[in-house]
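The values are calculated or read from the model by the stated rules, or taken from the named source; none is laboratory data. These numbers were taken from a predicted model, which means no experiment stands behind them. No Cβ is skipped: glycine too gets one built from the backbone with ideal geometry, and neighbour counts run over all protein chains shown.
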Amino acid sequence: MMDFLEEIGWSYDRVSEPVDALVFDFEEPDVGGWACYALPREEQQICLFYSECPIQTPQDRWPAVSEFLMQANYGMPIGNFEMNPETGEIRFKTGIDVEGDRLSKALFKGIVKANVEMMAEYLPGIIMVGLEGYSPEAAIQEIESGELSSSDSGSVP
């Protein structure tokens with residue numbers, strides 16, 4: 001993981017509390033920035049990668065945002081959005097099982113790229129529903145029609 005991040009020039013912090021993780025900020029020119037972290041789970045032989053949504057939606061919008069995320073998740077080939085029902089925190093998760101093998105730079109790049117591209121694509125919709133009062137259906141239609149998509153920007157080399 002560190003080799004890949006260093007190879008593409010991303011600076012990161014290594015933390016051990018509450019769990020071992022690599023933490024860094026990601027910037028997408030079209031939609032802004034957010035925090036990311038990679039969690040190696042050696043005992044389970046998996047690696048998880050998260051993008052934290054940079055906005056906190058008002059609690060009264062949580063049901064609508066939750067519905068938007070459920071619609072976004074449906075049919076998503078890799079990864080999923082999660083919303084903490086107690087805090088409203090939203091994140092996108094990708095992961096890979098490397099049991100019997102090792103986590104190569106190419107495999108790690110795949111979960112990073114899929115992750116940040118999905119957050120970049122759906123973040124405008126989260127903002128629309130969570131802060132601007134759009135319906136989940138209207139935001140999904142706008143996102144998935146390609147009108148707001150920025151996932152082709154090539155931010156991950």
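Within the range 74-90, being part of a loop (DSSP other than H, G, I, E, B) and either buried (at least 18 other Cβ atoms within 10 Å of the Cβ) or touching a residue at least 60 places away in the same chain (Cβ under 8 Å) (or both) holds for Gly79, Gly88. For beta carbons closer than 7 Å, sequence separation of 6+ or different chains, a first residue in the range 118-142 that is free of Cβ contacts under 8 Å to residues at least 40 places away in the same chain and more than 17 Å from Gly33 (Cα to Cα) and a second that is hydrophobic (A, V, I, L, M, F, W, C) and surrounded by 14 or more Cβ atoms within 10 Å (Cβ to Cβ), the qualifying pairs are Tyr134/Met128; Glu142/Leu148. Kindly establish whether Ile126 is part of a helix (DSSP H, G or I), farther than 27 Å from Glu7 by Cβ and either in contact with a Leu (Cβ under 7 Å, 6 or more places away or on another chain) or modelled with pLDDT of 95 or more (or both). Yes: the conditions hold for Ile126. When Ala106 is tested against (1) out of contact with any Gly (no Cβ under 9 Å at 6 or more places or on another chain); (2) crowded, with 18+ Cβ neighbours inside 10 Å, exactly one condition is not met: (2).
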